[in-house]
Amino acid sequence: MSDRIGILLLAAGRGTRFGQASKMLGTLDGKPLVRHAAESAVAAKLGPVAVVIGAHGAAIRQALAGLDLRFIDNPAYADGLSTSLRCGLDALPEPDGIIVMLGDMPRVRPSHLATLAAAFLAADPVPAAIVPVHRGVRGNPVLLNRALLAPDLASLTGDHGAGRLLAARTDVVEWEMDAAVTFDIDTKAALIAAAHA
């Protein structure tokens, strides 16, 4: 385990394209989407793992019962992704690097996370971020360098993550990975398709 790398799992959003039910609690392969992501985060055996919750928070806590996680309530979740990112980073003050995971990406495995961490720890000079790429498309999860990005991350607003910040920087390392890093589930139709893939 490396305490230099923490994992932040974002699971606070309403997932409006999914309908009234919580997207994070949609079932794939017998378990909720968010549990797939959380189990991978814990199994990677890096640093602390924190989960930001908001909408459907109590149900998501229940769905993740038994896992070694820190839960962070984001009362401003309706104001967008940036609020979850900011409050999650505030709750993980120890690590140098933070892997930001999305709860609707069930194909991300511990090996993806370990690869990002190893790339970050071995880099010289240390980059602002390690971003997974599949066939030229940037994906998630992304490993952020807290020291280099802290001022910019603190200024994020609305429904935006770190993507816009990273697009403007030259000290971002792209790391080729498989299709799991660009596969997410936003709709019930996508969930049904994934179950039959």
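The table for this structure:
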| item | result |
| --- | --- |
| Under the Karplus curve 6.51 cos²θ - 1.76 cosθ + 1.60, θ = phi - 60°, whole-Hz ³J(HN,Hα) for the stretch 88-100, x wherever Gly or Pro sits | x, 5, 5, 8, 10, x, 6, x, 6, x, 10, 8, 9 |
| Positive-end extreme of charge dipole, the chain - chosen from PRO141, SER22, ALA180 (charges on Cβ) | SER22 |
| Order of PHE120, PHE183 under a 10 Å beta carbon neighbour criterion, fewest first | PHE183, PHE120 |
| Charge dipole of the chain about the Cα centre (unit charges at C-beta), most positive-ward option of GLY97, ALA167, ALA44 | ALA44 |
| Helix 110-122 vs. the chain, principal-axis angle (Cα, 0 to 90°, nearest 10) | 10 degrees |
| Residue order, fewest to most surrounding Cβ atoms within 10 angstrom, among SER155, SER111, SER82, SER22 | SER155, SER111, SER82, SER22 |
| MET24, MET101, MET177 arranged by Cβ crowding within 10 Å, fewest neighbours leading | MET177, MET101, MET24 |
| Long-range amide H partners of ARG70 with built H, under 5 Å | VAL49, ALA50, VAL51 |
| Relative contact order of the stretch 23-167, defined on C-alpha pairs under 8 angstrom at six or more residues apart (%) | 26 percent |
| Fluctuation leader among PRO125, PRO32, PRO48 - the chain, Gaussian network, Cα springs under 10 angstrom | PRO125 |
| Longest DSSP-loop-exposure-free segment, trypsin sites (Lys or Arg not before Pro), the chain, at most 15 other Cβ within 10 Å | 46-134 |
| Cα gyration tensor, the stretch 77-197 - rounded (a/c under 1.5), prolate or oblate | oblate |
| Inter-label distance, nm, simple model (7 Å from Cα along the C-beta direction), ASP3/ALA167 | 3.8 nm |
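Values quoted throughout were computed directly from the atomic coordinates according to the rules given, and no laboratory measurement underlies them. Worth saying up front: this structure is predicted, and the values here are computed from it rather than measured. Reconstructed Cβ throughout: ideal geometry from the backbone, glycine too, with neighbour counts over all protein chains shown.
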